[in-house]
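In what follows, a structure is listed as structure tokens, so that the remarks can point back to it.
The values are calculated or read from the model by the stated rules, or taken from the named source; none is laboratory data. Quick caveat, the model's predicted, so the values are computed rather than measured. Because the Cβ atoms are built from the backbone with ideal geometry, glycine has one as well, and the counts that use them run over all protein chains shown.
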Amino acid sequence: MQMLNDEQTAKGSSDTCEVWAVDREKVASTKRRLLDDQVYAALAETFGALADSNRAKILHSLMSEELCVCDIACLVGISDSAVSQHLRILRTLQLVKQRKSGRMMYYSLNDEHIRTLLDVCLEHTEHG
């Protein structure tokens, strides 16, 4: 157990408790509600995809319009090949879907859950 000295406590320099004390009932209750580790791994991958500003910008762009790779490259300001790499990651995580029309490939958000996730994240970012 790590105890803080008075100077650390006064400065509020630590994010830990001053005393090690576990509330066994809260821990047991919360533990029963935890999901399988695979679910958290998938969640982390989704947020990892959003951790790249270009991918976040691509997803935000797709919230209002179905766009082709050329459109996305122009909007985001990166090359077609870079956009394709980002879209491959987003497609693998099922965040975007594609539709071919003639020689053009169009991308859009995979479903409303993605839109909701982005809306909530953007609202949180703007709120702070």
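Going through region 28-49 one residue at a time, which ones are among the hydrophobic types (A, V, I, L, M, F, W, C) and part of a helix (DSSP H, G or I)?
Passing the criteria: A28, V39, A41, A42, L43, A44, F47, A49.
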- Task: Would you mention how many residues in region 64-79 are of a type outside the set (S, T, N, Q) and at pLDDT below 95?
- Result: 1
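Name the one entry in D111, D37, D23 that is out of contact with any Phe, Trp or Tyr (no Cβ under 7 Å at 6 or more places or on another chain) and modelled with pLDDT of 95 or more. If you could, list the steps in order and put the result at the bottom.
On the way: D111 fails: modelled with pLDDT of 95 or more; D23 fails: modelled with pLDDT of 95 or more.
Exactly one residue qualifies, and that residue is D37.
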